[in-house]
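What follows draws every value from the coordinates through simple rules; no lab data is involved. All values derive from a computational prediction rather than experimental measurement. Because the Cβ atoms are built from the backbone with ideal geometry, glycine has one as well, and the counts that use them run over all protein chains shown.
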Amino acid sequence: MSWDWQVFCQDTITQEVGASCFGQGGDITYLDWMLSAWGWTVSVSLLSLIVALVVGSVIGTLRTLPDSPWIVRLGNAWVEFFRNIPLLVHIFLWYHVIPSIFPAMKSLPGFVLVVFALGFFTSARIAEQLRSGILALPRGQRYAGMAMGFTTFQYYRYVLLPMAFRIIIPPLTSETMNIFKNSSVAFAVSVAELTMFAMQAQEETSRGIEVYLAVTGLYVISALAINRIMAFVEKRSRVPGMIAAGGGGH
Amino acid sequence: MNLNIDWSFFTWDLFTNFVLKGLYFSLFLTVVATAGGIALGTVLALMRLSGKKWLDLPATIYVNGMRSIPLVMVILWFFLLVPLIIGRPIGAEVSAIITFVAFEAAYFSEIMRAGIQSIPRGQVFAGQAMGMTYGQNMKLVVLPQAFRNMLPVLLTQTIILFQDTSLVYAIGAYDMLKGFEIAGKNYGRPIEAYMAAAVVYFIICYALSWSVKRLHKKIAIIR
């Protein structure tokens, strides 16, 4: 078997190898295309992560509120809804079903809809992790907050959540890496991310192995980068004496 | 709000004509990948716990490699590579089965490894003191307990696996989601078809995870 890495220097339209591997004067090589696809993967993942963190934190907190069974049930329903339907189906629901129910959303690009689908999907997992993080805290912390005269909002904000978020950094790391991996499902609704690039470039150039190797490499690099960033966050946010040291980013 | 939804097209005939074939494949894929994945995953876990570098290293690379790549890419890789290796084209369904066994083995091996490590060292020493060989010790002492400890997690992974089978969409294999999609296209009702797919997936997975929860409680009491 012979390698042909020249494929990345080919023009995407004429299929000719140019002088430079980056297209000039508006031409696009496969390398250009792949890097922009990586950009899409990163943007989808990071924006989904923001949506997931915000929504997941709210839902996860609501599920631990004392004396409000209906709010807890609503939060549980949210989590069950997202945990029991495959991500691909959620993406189809957002891409095909929701715009037809709310015509105002028809003008939104597929990219935005995928961000919502992936973000909400992951929010259910983060909510579950945050809930177990809060429940893992000694009950005395909550009572101490109450005894200090804090309102419910205050003791969550100043006592429970700061500790709970630190506890869940390791599972949050794997969830962040999962988001990057899950963003590949966006290929199904034609978002121009890495997997979409891999499929199309493979078809156009028939150099599948080179294309897949490069794309796989970019996914691995992204995952490693996240792992390092989260390990750094964990190290910086550690409360001395409270949480056992060690245990890397996984 | 412009709700133009018509369920009248959704009949039992449609279900048997389009969806059932896909549902069978999804379930078949889940069962085969679970069985194959647990078997292969146990081997990988034993390799990683063997303490011999030449066994540990390849297993670690395999498991961590598989776990850092998106499943869709793994599906595409196998669909590309398997025909090259065996020298003749294979169908999307066969390719999907091979992929899922190989991919899930990595995840099951991590579960098995945790399960084996959860067995107190004293159990292994007791087995050794009884004069058991490594194989006997694993088969009669460690693995039965590990499997039991890990059963709820293994089953939860199987539910995730069932959901992941929808990703064979990438190579066009005929699974349940595909069945719904084709039915929706044929009847000009894609919206309802996707909603129905979501409902069916939800019912199956919710029922399964509810049973796993029950089982977990039962096992916890016995232990």
The stretch A:145-198: helices (runs of 4 or more DSSP H) wholly inside it with 3 or more residues that are out of contact with any Gly (no Cβ under 8 Å at 6 or more places or on another chain) and over 20 Å from A:Val112 (Cα atoms) are A:161-167, A:169-182
Here the residues within the stretch B:128-153 that are at negative phi and small (Gly, Ala, Ser) are B:Ala129, B:Gly135, B:Ala146
_Take B:Arg113 and tell me if it is in contact with a Leu (Cβ under 8 Å, 6 or more places away or on another chain), touching a residue at least 60 places away in the same chain (Cβ under 8 Å), in a helix (DSSP H, G or I) and of a type outside the set (A, V, I, L, M)._
yes
Among the residues of the stretch B:132-190, the number that are farther than 21 Å from B:Phe100 by Cα, among the hydrophobic types (A, V, I, L, M, F, W, C) and in contact (Cβ under 8 Å) with a residue 40 or more places away in the chain is 5
Residues of the stretch A:66-124 being facing chain B (nearest Cβ under 8 Å), aromatic (Phe, Trp, Tyr) and farther than 27 Å from A:Leu135 by Cα, in sequence order, are A:Phe92, A:Phe102
* Asked: Would you say B:Phe125 is surrounded by 19 or more Cβ atoms within 10 Å (Cβ to Cβ), at negative phi and part of a helix (DSSP H, G or I)?
  -> no
Quick count over the stretch B:162-182, residues being surrounded by fewer than 24 Cβ atoms within 10 Å (Cβ to Cβ), farther than 20 Å from A:Met196 by Cβ and more than 9 Å from chain A (Cβ to nearest Cβ), is 2
Wholly inside the stretch B:1-86, helices (runs of 4 or more DSSP H) that include 1 or more residues that are under 30 Å from A:Gln200 (Cα atoms), among the small types (Gly, Ala, Ser) and under 23 Å from the mean Cα position of the chain (by Cα) are B:20-49, B:53-68
Taking the stretch A:37-79 and keeping residues crowded, with 17+ Cβ neighbours inside 10 Å, of a type in the set (Ser, Thr, Tyr) and out of contact with any helix residue (DSSP H, G or I) (no Cβ under 7 Å at 6 or more places or on another chain) leaves none
Scanning the stretch B:130-141 residue by residue, those surrounded by fewer than 19 Cβ atoms within 10 Å (Cβ to Cβ) and among the aliphatic types (A, V, I, L, M) turn out to be B:Met130, B:Met132, B:Leu140, B:Val141
Note on the stretch A:1-27: residues exposed (fewer than 15 other Cβ atoms within 10 Å of the Cβ) and under 31 Å from the mean Cα position of the chain (by Cα) are A:Trp5, A:Phe22
How many residues of the stretch A:126-184 are closer than 30 Å to A:Val220 by Cβ and of a type outside the set (Val, Ile, Thr)? The answer is 20
Screening A:Ile134, A:Ile179 for residues that are surrounded by 19 or more Cβ atoms within 10 Å (Cβ to Cβ), more than 14 Å from chain B (Cβ to nearest Cβ) and aliphatic (A, V, I, L, M) leaves only A:Ile134
